[in-house]
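In what follows, a structure is listed as structure tokens, so that the remarks can point back to it.
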Amino acid sequence: MKITSARKLTNLKWVNLFEVEWIDKNGRSRGWQVTSRAKEPKCITGDFATPDAVVIVPFHVAEHKVVTIREYRVALAGVEYGFPAGLVDEGEAIEQAARRELKEETGLEVTRIVSTSPPIYSSAGMTDESVAMVHVECEGTPTTAFTEGSEFIEVELVSASRASRLCSNPNLKFDAKAWLVLSSFAVNGKLDIGGQP
């Protein structure tokens, strides 16, 4: 299996489509369409070390609840349950991006970075986009006063029992990472990460 080339098919601001040529295990040349946020897809550049974005898993210590957001997503034509998230700015550290995005989307302040994942992928059949999941402890009163005009976000602090009800509702739309974290929280009553109360 070997990547041989990539041709850019679109020229957009946030994400682009590429036709990637590769050789399969039988030596046949194949094509695959890949979206990427980078100027060239990572399968060409080999730059897999830096995540494109952060997904923040905030635990509100005083409330003993996980902070979630309900955000309007155009591709879903509706609201999705997820966590605060956003792109990492050029030259910005992962922890800085996590603090910035949590404040912008929820009004809450990070009090402690608990853990940071390596870059992880959720739709590798379509995109090379990666995120770092950053588990944090936070404090404050939720507000969406800092969101951008294009964002529709509602903040909800979720208990373990509420997480159970949410995760068992087939009519709700979830980000895959958020569903996994919340379903575990519903069962265990705590987040399964080091250092978490």
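The values are calculated or read from the model by the stated rules, or taken from the named source; none is laboratory data. Predicted, not measured: the structure shown is a model, and the values here were computed from it. Using ideal geometry, Cβ is built from the backbone for each residue, glycine included, and neighbour counts are taken over all protein chains shown.
Residue check, residue 147 against (1) of a type outside the set (Phe, Trp, Tyr); (2) at pLDDT below 95; (3) loosely packed, with under 14 Cβ neighbours inside 10 Å; (4) in contact with a helix residue (DSSP H, G or I) (Cβ under 8 Å, 6 or more places away or on another chain), all met but one. Which one?
It is condition (3) that residue 147 fails.
Could you please tell me which pairs satisfy a Cβ distance under 6 Å, a separation of 6+ or placement on different chains, a first residue in segment 157-168 that is among the β-branched types (Val, Ile, Thr), and a second residue that is buried (at least 16 other Cβ atoms within 10 Å of the Cβ)?
Here the result reads 158/65; 158/66; 158/68, each pair linking segment 157-168 to a residue that is buried (at least 16 other Cβ atoms within 10 Å of the Cβ).
Please return the ranges of strands (runs of 3 or more DSSP E) entirely within segment 25-84 where 2 or more residues are in contact (Cβ under 8 Å) with a residue 24 or more places away in the chain and surrounded by fewer than 18 Cβ atoms within 10 Å (Cβ to Cβ).
Output list reads 29-36, 65-73, 78-82.
Residue 130 is checked against (1) among the hydroxyl-bearing types (Ser, Thr, Tyr); (2) closer than 22 Å to residue 87 by Cβ; (3) surrounded by fewer than 13 Cβ atoms within 10 Å (Cβ to Cβ) and fails just one. What number does that condition carry?
(3)
Among the numbered conditions (1) more than 16 Å from residue 102 (Cβ to Cβ); (2) exposed (fewer than 14 other Cβ atoms within 10 Å of the Cβ), tell me where residue 186 comes up short.
(2)
Just a yes or no: is a residue in segment 115-127 surrounded by fewer than 17 Cβ atoms within 10 Å (Cβ to Cβ), more than 30 Å from residue 18 (Cβ to Cβ), in the same structural domain as residue 62 (by TED's automatic domain parsing) and in contact with a His (Cβ under 6 Å, 6 or more places away or on another chain)?
Checking segment 115-127: at least one residue is surrounded by fewer than 17 Cβ atoms within 10 Å (Cβ to Cβ), more than 30 Å from residue 18 (Cβ to Cβ), in the same structural domain as residue 62 (by TED's automatic domain parsing) and in contact with a His (Cβ under 6 Å, 6 or more places away or on another chain).
Spot the failing condition for residue 189; the list is (1) within 19 Å of residue 64 (Cα to Cα); (2) at pLDDT 95 or above; (3) small (Gly, Ala, Ser), and only one is missed.
Of everything listed in (1) within 19 Å of residue 64 (Cα to Cα); (2) at pLDDT 95 or above; (3) small (Gly, Ala, Ser), residue 189 misses just condition (2).
Would you check if residue 136 is outside the structural domain of residue 32 (by TED's automatic domain parsing), more than 15 Å from the chain's Cα centre (by Cα) and assigned to a strand (DSSP E or B)?
no
Being in contact (Cβ under 8 Å) with a residue 40 or more places away in the chain, crowded, with 19+ Cβ neighbours inside 10 Å, assigned by TED's automatic domain parsing to the domain that holds residue 147 and hydroxyl-bearing (Ser, Thr, Tyr): is that true of residue 111 here?
Against the criterion (in contact (Cβ under 8 Å) with a residue 40 or more places away in the chain, crowded, with 19+ Cβ neighbours inside 10 Å, assigned by TED's automatic domain parsing to the domain that holds residue 147 and hydroxyl-bearing (Ser, Thr, Tyr)), residue 111 does not qualify.
Which residue out of 95, 101 is in a helix (DSSP H, G or I), at pLDDT 95 or above and surrounded by fewer than 16 Cβ atoms within 10 Å (Cβ to Cβ)?
95
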